[in-house]
Structures are given as C-alpha cells and as structure tokens.
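Here is the structure we will look at.
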Amino acid sequence: MAQPSDDKPILIAGGGPFGLTLSIELSRRGVRSLIVDPKETTAVNPQANATQARTMEHYRRLGFADEIRSLGLPADYPTDIAYFTRYAQRELARFRLPSSADAPQLVRGMGGSWSAAELPHRVSQKFVEQVLRRHAEASPLATIRNGTRLVEFSQDDAGVDAIVEEVENGETLKIRTPYLVGADGARGVVRRALGIRYSGESGVQRDFFGGKMVALYLRAPDFYKAMPHARAWMYWAFNNERRSWLAAVNGVDEFAFHTQLKPGEDEAITPERARAMFHQVMGMPLEIELLNIDTWLAGHALVAERFISGRVIIGGDAAHLFTPAGGLGYNTAVDDAVNLGWKLAGVLKGTGGPALLESYQFERSKLAVRNTGYARALAESIGTFLPSPDIEDDSAAGEAARSEAADYLNAHARREFNIPGVTFGGRYDGSPVIVPDDTEPPEDAANTYVPSATPGGRAPHLWLDDGRSLFDLFGFEWTLLILGEQQDDAGFVRAAPRMGIDLRVVHLPLDAVRTLYDSDLVLIRPDQIVAWRKRLPFDPNEVLARVVGASGDLSVRSQSMVGGV
C-alpha cells in the first residue's frame, strides 16, 4: 500500500468521472489530491449510460468492476438496443446483448475481437459516480469539497496558486498546488483561462444527433405494462414526426429520454410540452413524472489544441467534446485519468523524466481525435438516415419502408454497439515513452480488434487454464512478462529499483501466451499498455529510461546489450 505523501495536494477542479478516477489513481500511488466541485453531490441525472469494456477493465484493475456491474439494471435485464416506429407500436430492428448476470461467464468463452477481461456494462453515470466517489474518499490522501468552485489561478515554474470559493457563502481560500488539473468540463474555468481553443467540428445539423436536444429524466411506472415488446436497455423511435432514444435507468420505472428539436421548433420546454414530446414517441398516452428537464447541443467533435500548459493539465470534457453516439465521451475521460495518474505520480516522485508528462498530451490528444472521429461517423450513420414518409402506413409502401429501415437499423446497431476495435484498438504509436519495434500494428477498424503486442497498444488478453485473467497477474505499476522457459529477466530486476520503478515479474512459460505476445520478454505499463518487447538487441537501463521519459535516445547502446528474440 502506498504511503501518504507530505507534499501539497494536486488540485483537481471537477468531481466527475475524470476527476474522481484521477484522484483514485493518485491515492493508490501515495499522492494527495483535493477535488473541488461546485455541485453539492455527484450526478443526480443519468448523463452517460454505457460503460465500455475497456473502462470496465480499468475498474477491474482498481478492484471495483463487480461493484459497478451490480448497479443499474436488474441482473437478468437484457441490454438489447431496439428500434421502433414508436415505442408501443411497430418494432423495426433489435440488436441483442446479454444481461449483467450473463456477462462474466460469457466473456470467458470469447476470443478474437472480444478477448477481454470484462464486457461492457449498461449503467447510468449517476450510479458510477457514487462508486467512484466512495472509493476516492476512502483514501486518507484524498479530500473532496463539494459546493466549492475554482475561481482563478496563476502559475510559476514551481507550482500553481489557486483561489477557490464556497458557493453558498462566497468565502475564499488560497491554495498552493504543484499541479492543477482541469476536470471542469467544456464550460469550466481552466481551459478558458488558459486560452486553449477547441478544434474540430461543431454546429453540425442533422435530422438527428445534430442540433438542440431535449433531455428528460423521468419516471414511468407503467411503461413495461404498456409496451407490447420485449424489454431493451435502449429504445429508439424512428418516424417522421419525432425521433428519440430512451435508456432504461433502473429497469423498473426510471428512464433517460432524448429528442431533437426540429428547425424552427420552440426551444422553451415546459412540463406540458415535455410530456407531449414523450407521448409522441410512445405512440399512446402514458402517465409520467418529470424528474428533470434539460437541453444540450449535439453535433460536436472537438478536441482541445493543448492538454498541458505549464503546470496546468486538462482532461475529460475540458479536453474533448463528443456527440454521444457510441458512448465514447465518458469512457475516453476515464482513459484520460488512467493515463495521467501514473505519469503525474511518477513526475512528482522523481521516477519520471521530462518526457513522461509530455506524453500525456501526445497520447491522449491522439486518442481524442480518433474517438471523436468515430463518434462523428456513428452520429452521421444514424442521424442522416431519414424515415420514409410511408414508414407508419398500413400499406405495401409502408411495409417496404419498414423493411428497408429494418435492414439499415440492424446494420447500424452493429456498427455502433459492437465496437471492439474502438474499445480496445486505440494506440500510442510515436509516443516518446513507447519503444517501437520492427512490426506494424494492425489496422485501426471500429468493429474489429486484432490483439497485438506491437508496443503502443493495449496488452493482448487471455484467459488462463486455471480461470484467471492474464490481466489479474499484472502489477499495479510495471510488469515484466517472462514468457520463455528460462526465467532470465535480462537485467530488468536490477535496473528497476535504481530508477525507482516498481516492477512485478510474471513468469508464464505457456505456448499460448508466448504466441500471443510473439516475444519472450514484454514490458507492460501501469495502464496495461505494451511499452516494449524484446525484438532487437537492448540495454534494460535504456529501455526503462525511455519508458519513464528520462531518455529519448536509444541509439547509443551500452556493453550490457542483450540479444534479440
């Protein structure tokens, strides 16, 4: 267990998934953090509704994936995505997905693109944040101050001076911190104060997923009684009058509803109008209780021009804005926190060199551009496909229109909701803290993931014969996989302590693992990314210096070089 640090805490402005996950990562490494957030509690509205498999693998590494998987829908609730003309009328298409009870067993029998330690989980962000909050504040190294906001800050070469304010009474407090992390979203103080602009695509208009959206959090006790169709996690309405989607929140009576305003439609959403919108897509009157009414703007695919400015760092929505097709915004934010956590701790402890923190900017901006691009393509796929004028008619033309829509929507559902390539295939090729070898990575494809140990990507996963996940053998910090019969660590065990690197050695002389990794020595980063594998002659001291950002030049090799594979 990491020991508490006497240093001043890292100030994190914002207590959403990015900020909370970062605090947990820092605490596990003995680094103090202080979260300030103007909200009084964690999220009370559903917000994001899908936790991707890679995010679940991060939660597994942190020890609470099972806790997350137990939340949200009942254990036996199917997580299908279904499309209808209107919810209580004709079903057009359905993509079937397993319940949370089935997922842990199913994943053990899956391979290829879905070779993973965890499957996705459909759970509203409001439940996830409660778990993240509990685990963050369980550490004596973390302090969370809700009802407190960052007002202003300035920085010098040694740290950041910040002023925070109590929302209720206006009392201010000056804080000195070695680093300030902006986890305060697109409209937050940090990015704007730094003058960092977004680049990319914004203001795109589509028939759906491009324009002003209305979000309702509602309770409908009789929804399932009124529905003539099998239960689903997400219900889509596809007609000419009003398009929408509805996500089940608790599987009993709570739902998150989103619809888009048509051009020229009144933007004032009264409770009466909100109910009318819901009844339009329901296709029948149904009593609902409105818990919250909000609006948001779809059509974004934006990435901040910089993620780091001196001693101020941004992540999550402050660094990238998504249209939520594919559910990539929240999941990309968690990945930001995982990437930043071990690097920031390494720099603070002196085990990371100058290139280590710089690599956060390179790696995460690259992935943000990639992921916003995928989300944009998915939004185009569903948002520009228009319902036929005949789609609700009881006629041959109506039947033909529904058949055409069914074919398209079934194919689209697979494009959007079966995305192992997006989930697992993100890579950090070209990063200053990745040691490349002589192999080409697999093609980046949304719906196909090819496991590869080419440095720069997620470590390939395997279920071992004894039922354990290979990932469960990795250390919390660095892992050296020895995959040959000989237990020679090639000098890494001697070199790591000299550099302050916590290295776990895992000896697995198994043909299946050796074949999967195509090497007998592999170095895995704390975020389960392959940093190096033995292909060419190497010096373990130079390899370790490179992967912690202490050296960018591996061209000069010492006499301790070891032969290649």
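Numbers for the structure displayed
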| item | result |
| --- | --- |
| Overall Cα dimensions of region 464-518 - principal axes, largest extent first, Å | 35, 23, 16 |
| Radius of gyration and maximum dimension Dmax of region 1-155, Cα, Å | 18.8, 63 |
| Fraction of the pair-distance distribution of region 393-473 above 15 Å, Cα-Cα pairs, percent | 70 |
| CD proxy at 222 nm, helix term only [per DSSP H run n ≥ 4: -39500 (n - 2.57); per residue of the chain; nearest 500] | -9000 deg cm²/dmol |
| Whole-angstrom gap from region 222-254 to region 328-355, using each part's C-alpha centre | 39 |
| Cleavage-rule hits (GluC sites (Glu not before Pro)) in region 364-466: DSSP loop, at most 12 neighbouring Cβ within 10 angstrom | Glu443 |
| Kirkwood-Stokes translational diffusion coefficient of region 254-401, alpha-carbon pairs, 10 °C, 1.306 mPa s, µm²/s | 83 |
| Whole-angstrom Cα spans of the chain along principal axes, big to small | 81, 61, 37 |
| Helix runs (DSSP H) in the chain reaching 27 Å along axis by Cα, Kyte-Doolittle at least -0.5 | 328-349, 354-383 |
| The chain: Lys pairs at Cα distance under 14 angstrom, eight or more positions apart or on different chains | 4 |
| Mean shadow area of region 68-225, taken as a quarter of the surface of its Cα convex hull (nm²) | 16.2 |
| Fraction of antiparallel bridges per DSSP, the chain only, in percent to nearest 5 | 75 |
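Quick note: the coordinates plus some simple rules give every number you see, no bench work behind them. From a predicted model like this one, the values you see are computed outputs, not experimental measurements. All Cβ positions, glycine included, derive from the backbone under ideal geometry; neighbour counts span all protein chains shown.
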